[in-house]
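Engineer: Please read through the structure below; I'll follow up with questions.
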Amino acid sequence: MVMRKKIQRLLDEIESEYRFTRGMTGKAMLGPELRRAISNTPRDKFVPLASIDSAFDNHPLSIGYGQTISQPYIVAIMTDLLELKADDVVLEIGTGSGYQAAILSQLCRQVYTIEYVEELAEQARTRFERLGYDNIVTISGNGFDGWPEHAPYDGIIVTAAATHIPGPLIEQLKAGGRMVIPVGRTYSHQELKLVIKNQQGDIDVKDILSVVFVPFQGERNE
Ligand code: SAH
């Protein structure tokens, strides 16, 4: 199948899952900007060579080091829930392949992204340079502490399942900002949560969907 067809099929599958989950997410269909970002992002350049034939399937795929590139529907819905504006600054925890960051970078001004596994951070950095994503900055480290230098963030997205919402990330969220994060102790019990900080700095947390993410590493007790 030619690439254009594969991407069209992927968009159709994401749209169908959107309709199926609209009662939980409040999102019935892909907006034009997110749709364009998905169409323009070559997922085949973010997966290992061995998985290249499945690159445009609506599934997570292994990227080595026990980690995965998220399912495209999940990337789409998490991005959507952030309700980004063109001038926004976003923090991502869990760079992985860099695919999620690449999508975000087309919908906001600047993406900062932290990856625990140094090799993956380096690979993602090379990938961003080669593909020309020049508004993404990657570092290797423990995202539990966030990245205070660039805070506060309009949006924060965590792509590994934590047992609780890290305090430093709540602190680094701007008033009026949104965070999406999977929370759960085991693979079988994880809930994608949407955290909204109001203008007074109070937070409201909503459960959106059951999800399956790799575990958050290096979580600290608070
Ligand atoms: N957003 C990625 C998904 C990667 S899977 C993509 O689009 O491909 C989740 C990633 O989170 C893994 O690469 C894992 O190493 C990373 N991770 C887990 N705990 C972390 C932590 N405390 N800080 C930063 N990254 C973390």
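Engineer: What are the residues in region 106-131 that are open to solvent by 10 Å² or more (accessible area, probe 1.4 Å), away from the ligand (no atom under 11 Å from the Cβ) and assigned to a helix (DSSP H, G or I), if any?
Structural biologist: GLU122, ARG125, THR126, GLU129, ARG130, LEU131
Engineer: Oh, and also: Go through (1) small (Gly, Ala, Ser); (2) surrounded by fewer than 16 Cβ atoms within 10 Å (Cβ to Cβ); (3) within 13 Å of the ligand (Cβ to nearest atom) one by one and return the number of the condition ALA86 breaks.
Structural biologist: Status for ALA86: all satisfied but (3).
Engineer: Please go through region 197-222 and pick out each residue that is within 16 Å of the ligand (Cβ to nearest atom), touching a Gly at 6+ places or on another chain (Cβ under 8 Å) and open to solvent by 30 Å² or more (accessible area, probe 1.4 Å).
Structural biologist: GLU222 - this is the single residue of region 197-222 that is within 16 Å of the ligand (Cβ to nearest atom), touching a Gly at 6+ places or on another chain (Cβ under 8 Å) and open to solvent by 30 Å² or more (accessible area, probe 1.4 Å).
Engineer: Would you mind stating whether ILE69 is touching a strand residue (DSSP E or B) at 6+ places or on another chain (Cβ under 9 Å), of a type outside the set (S, T, N, Q), within 12 Å of the ligand (Cβ to nearest atom) and open to solvent by less than 20 Å² (accessible area, probe 1.4 Å)? Before the answer, list the steps.
Structural biologist: Details: touching a strand residue (DSSP E or B) at 6+ places or on another chain (Cβ under 9 Å): yes; of a type outside the set (S, T, N, Q): yes; within 12 Å of the ligand (Cβ to nearest atom): yes; open to solvent by less than 20 Å² (accessible area, probe 1.4 Å): yes.
Yes: the conditions hold for ILE69.
Engineer: Let me ask another. So which of ALA37, ALA50, ALA55 ends up being within 27 Å of GLN123 (Cβ to Cβ) and open to solvent by 40 Å² or more (accessible area, probe 1.4 Å)?
Structural biologist: Testing whether each residue is within 27 Å of GLN123 (Cβ to Cβ) and open to solvent by 40 Å² or more (accessible area, probe 1.4 Å) leaves just ALA50.
For (1) among the aliphatic types (A, V, I, L, M); (2) free of Cβ contacts under 8 Å to residues at least 24 places away in the same chain; (3) closer than 29 Å to ARG36 by Cα, each residue gets a yes or a no:
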{"position": "ASP154", "(1), (2), (3)": "no, no, yes"}
{"position": "ILE157", "(1), (2), (3)": "yes, no, yes"}
{"position": "ILE181", "(1), (2), (3)": "yes, no, yes"}
{"position": "GLN199", "(1), (2), (3)": "no, no, no"}
{"position": "GLN217", "(1), (2), (3)": "no, no, no"}
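Engineer: A further question on this structure: From the list PRO60, PRO32, PRO42, exactly one residue is at pLDDT 95 or above, more than 14 Å from the chain's Cα centre (by Cα) and either within 15 Å of the ligand (Cβ to nearest atom) or crowded, with 18+ Cβ neighbours inside 10 Å (or both). Which is it? Give the steps one after another, and end with the answer.
Structural biologist: Numbers: PRO60 fails: more than 14 Å from the chain's Cα centre (by Cα); PRO32 fails: either within 15 Å of the ligand (Cβ to nearest atom) or crowded, with 18+ Cβ neighbours inside 10 Å (or both).
Of PRO60, PRO32, PRO42, the one residue that is at pLDDT 95 or above, more than 14 Å from the chain's Cα centre (by Cα) and either within 15 Å of the ligand (Cβ to nearest atom) or crowded, with 18+ Cβ neighbours inside 10 Å (or both) is PRO42.
Engineer: Could you tell me which residue of region 132-151 is farthest from PHE213 (Cα to Cα), considering only residues that are assigned to a loop (DSSP other than H, G, I, E, B) and either of a type in the set (Gly, Ala, Ser) or over 18 Å from the mean Cα position of the chain (by Cα) (or both)? It would help to see each step written out before you state the result.
Structural biologist: Kept after step one, since they are assigned to a loop (DSSP other than H, G, I, E, B), are these residues of region 132-151: 132-135, 141-142, 146-147, 151.
If we keep only those that are either of a type in the set (Gly, Ala, Ser) or over 18 Å from the mean Cα position of the chain (by Cα) (or both) as well, we get 132, 141, 146, 151.
Details: GLY132: 28, GLY141: 19, GLY146: 19, ALA151: 25 Å.
For region 132-151, the residue satisfying everything is GLY132.
The values are calculated or read from the model by the stated rules, or taken from the named source; none is laboratory data. A quick note: this is a predicted structure, and the numbers were derived from the prediction, not measured. We place every Cβ from the backbone using ideal geometry, glycine too, and count neighbours over all the protein chains shown. Surface accessibility is based on the protein's heavy atoms, side chains included, excluding ligands, DNA and RNA. Shrake-Rupley method; radii C 1.70, N 1.55, O 1.52, S 1.80 Å.
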